[in-house]
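Report on one structure; see the data block that follows.
Bear in mind that the values in this text are calculations on the coordinates, not laboratory data. Predicted model, so just to flag it, every value in this text is computed and none were measured. Ideal geometry is used to build each Cβ from the backbone, glycine not excepted, and the neighbour counts take in all protein chains shown.
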Amino acid sequence: MNDQPGFDAIVVGGGLAGMLTALELQPLRVALVSYGRLGESTSSAWAQGGIAAAVGDDDSPALHAADTVAAGAGLVERRVAARLAADAPGAIERIASLGVRFDRADAAHYALGREAAHSRRRIVRAGGDAIGAELVRATVAAVRERAAIERFEGGRALDVVLDDSRHVAGLTLRHVDGTTEMLVAPAAVLATGGIGGLYRFTTNPTLSRGTGIAIAARAGARLADLEFVQFHPTALDVPSDPLPLISEAVRGEGALLVDEAGERIMAGVDAALELAPRDVVARRVFAVRQQGRRVFLDARAAIGDSFPLRFPTVFAACRRFGIDPRSEPIPVVAAAHYHMGGIAVDLQGRTNVGGLYACGEVAATGVHGANRLASNSLLESVVYPERIARDVRAAGGRRVGPLSRTRNEAGAAAPAAAAAWEELRSEMYRNVGVERDESRLFAAAARLAALAADNPSEEFRDAATVAALIAHAALLRRESRGSHIRLDYPGRDDAERHRSFLSLADATLAGTA
Ligand SMILES: Cc1cc2nc3c(=O)[nH]c(=O)nc-3n(C[C@H](O)[C@H](O)[C@H](O)COP(=O)(O)OP(=O)(O)OC[C@H]3O[C@@H](n4cnc5c(N)ncnc54)[C@H](O)[C@@H]3O)c2cc1C
């Protein structure tokens, strides 16, 4: 393969999925493109809980797959979930061999955590609540050791370049100094992360704006399940952007959700109270705040003085804003946290465009359905890179043919004003967020189109495109299921029990993107 011009593959994304793909592709020649330095401003580095894998003595991949299917509210592809759960233990061993220091019970066993909707203890952890930092530390070190991985840190991927047969031939990127470059390769892997940055309140890095979805859509890739955006009920409500996450485990230890008057807000809403499914709790937190009341997580009685020891990351975040969870309730808000939808891929991570792959949060594999089972997302980010690398190798380094288009060669338009970003993100939180209805979704689509027309910069255009596609998908699903709540269609509808697929052309025709 090395007699090909340029690279054997281009990988976009300096998070876990992108870096592991570059490593799995070794010894091929790989270009690794990331906005910032590897691992910086990634959701991967911020992960607190762990990676789900059936490695406990009382567990099995079949049980893990069954829990995944149950969480996904009828839309999980069973075959995909079964394969993911089956590959999980091997994937954990592979990344342990990179030098990741997982928490261990003894030499032969991992110390396993338990999370909501998992029927067994199966969360592989590191550093207590600091799995992400440990994964990123070990992976960045491994990537830096590989001479065949050329890093383009500070590069922003703009577009996939296709040849005359509509197969990947390369990728354009813009460097920090404003210049553009075209990298040539017969395969490209998009691992650009989530979309939380499109929302006013998010736990994701603010640059997680779904550019990979926009790039794939322009290349003709199919998208799937875009309407399913998971909101986390307990982001720390402080003047910060993004917002620190207060892990579900704090509620698991007995912390209570209360309003300003100290009244329990989950009473009468769900029998499981604070431990109701994430979407139910997020909806309640959102609704109470819509009424103009603030919401707090009160950990004083349940956790009290042991807070710093049990939740060091959360404690440090609270202290940065002068909050002491040992002696006062923690203010919280529902925030965009995870995108179940994205670029539609098959079991090998392939899109419908030849040579174009996606993995990590930007991919829609079919495993999450309408609601993700906690800790399955890092799992996807460690399982799919190996499958993609195998497929790229099997493709055997197809020659790059004559190029049919290169885009964005012109100078960049002026960046959009902060006010435009603020408006886009507020519009998404208000009208394409926790609760939706037809008139608000139409209004949002119109406003997003107007904002895009007024702000032609590449970054804003990509963000507005993805935001409009999410609004479009949310309009099409006329029911409430999992994380997608339609006030005008409050129940589940069996006729809608199918995944949703769309292309940029569908949304453009409908006038929403
Ligand atoms: C606070 C928090 C806690 C979490 N905890 C857990 C957990 O315990 N367990 C779990 O399973 N999941 C957890 N998740 C979710 C999980 O962390 C993510 O789904 C996963 O890390 C995504 O990895 P990724 O590599 O796909 O994306 P990221 O890690 O977000 O990396 C994306 C990369 O792409 C780059 N990029 C994007 N667009 C471009 C472009 N156009 N050009 C160049 N580079 C680009 C970014 O700069 C970044 O380097 C958590 C998420 C958050 C935010």
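Phi angles across segment 350-366 convert, under the Karplus curve 6.51 cos²θ - 1.76 cosθ + 1.60 with θ = phi - 60°, into 3J(HN,Hα) values of 7, 8, 7, 9, x, x, 9, 10, 8, 8, x, 5, 6, 8, 10, 8, x Hz, Gly and Pro given as x. Counted by neighbouring Cβ atoms within 10 Å, the residues Cys318, Cys359 run from fewest to most as Cys318, Cys359. Each Cα pair under 8 Å and six or more residues apart adds its separation to the average, and for the chain the resulting relative contact order is 21 percent. By the beta-carbon count within 10 Å of each Cβ, the least crowded to most crowded order of Asp270, Asp129, fewest first, is Asp270, Asp129. Remark: segment 330-347, residue by residue, has Karplus-estimated 3J(HN,Hα) of 9, x, 9, 8, 7, 9, 4, 10, 8, 10, 6, x, x, 7, 5, 9, 8, 5 Hz, where x stands for each Gly or Pro and the curve is 6.51 cos²θ - 1.76 cosθ + 1.60 at θ = phi - 60°.
Bridge orientation summary for the chain: considering DSSP beta bridges with both residues in this region, about 65 percent are antiparallel. In this structure the amide hydrogen of Arg481, modeled in the peptide plane, comes within under 5 Å of the amide hydrogens of Arg486, none closer than 5 places in sequence on its chain. When peptides 326-338, 6-18, 295-307, 206-218 are ranked by their average number of other Cβ atoms within 10 Å per residue, the highest-first order is 6-18, 206-218, 326-338, 295-307. Neighbour counting of Cβ atoms within 10 Å sorts the residues Arg319, Arg283, fewest neighbours leading, into Arg319, Arg283.
Most tightly packed first, judged by the mean number of other beta-carbon atoms within 10 Å of their residues, the peptides 286-294, 100-108 read 286-294, 100-108. Across segment 235-335, the convex hull enclosing all Cα atoms gives 94 Å³ per residue. The spacing between segment 146-212 and segment 318-370, judged by their C-alpha centroids, is 18 Å. If you wrap the tightest convex hull around every Cα atom of segment 159-283 and split its volume per residue, you get 146 Å³. Normalised size of the chain, defined as Cα radius of gyration per 2.2 N^0.38 Å with N residues, equals 0.93. Taking a ≥ b ≥ c as the square roots of the eigenvalues of the Cα gyration tensor of segment 1-128, is the shape rounded (a/c under 1.5), prolate (a/b larger than b/c) or oblate? Prolate is the answer for segment 1-128, as a/c is 1.5 or above and a/b outweighs b/c. Proximity of backbone amide H atoms, modeled 1.01 Å from N, is registered between Ile330 and Leu297, Asp298, Ala299 at under 5 Å, excluding neighbours fewer than 5 places apart on the same chain.
Near Tyr35, the amide H atoms lying under 5 Å from its own belong to Gly14, Gly154; only residues 5 or more places off or on other chains count, and H is placed 1.01 Å from N. Specify whether the C-alpha gyration tensor of segment 410-510 places it in the rounded, prolate or oblate class, a ≥ b ≥ c being the square roots of the eigenvalues: rounded for a/c under 1.5, otherwise prolate if a/b is larger than b/c and oblate if not. Prolate.
Per-residue ellipticity at 222 nm, computed for the chain from helices alone with -39500 (n - 2.57) per DSSP H run of at least four residues, works out to -10500 deg cm²/dmol.
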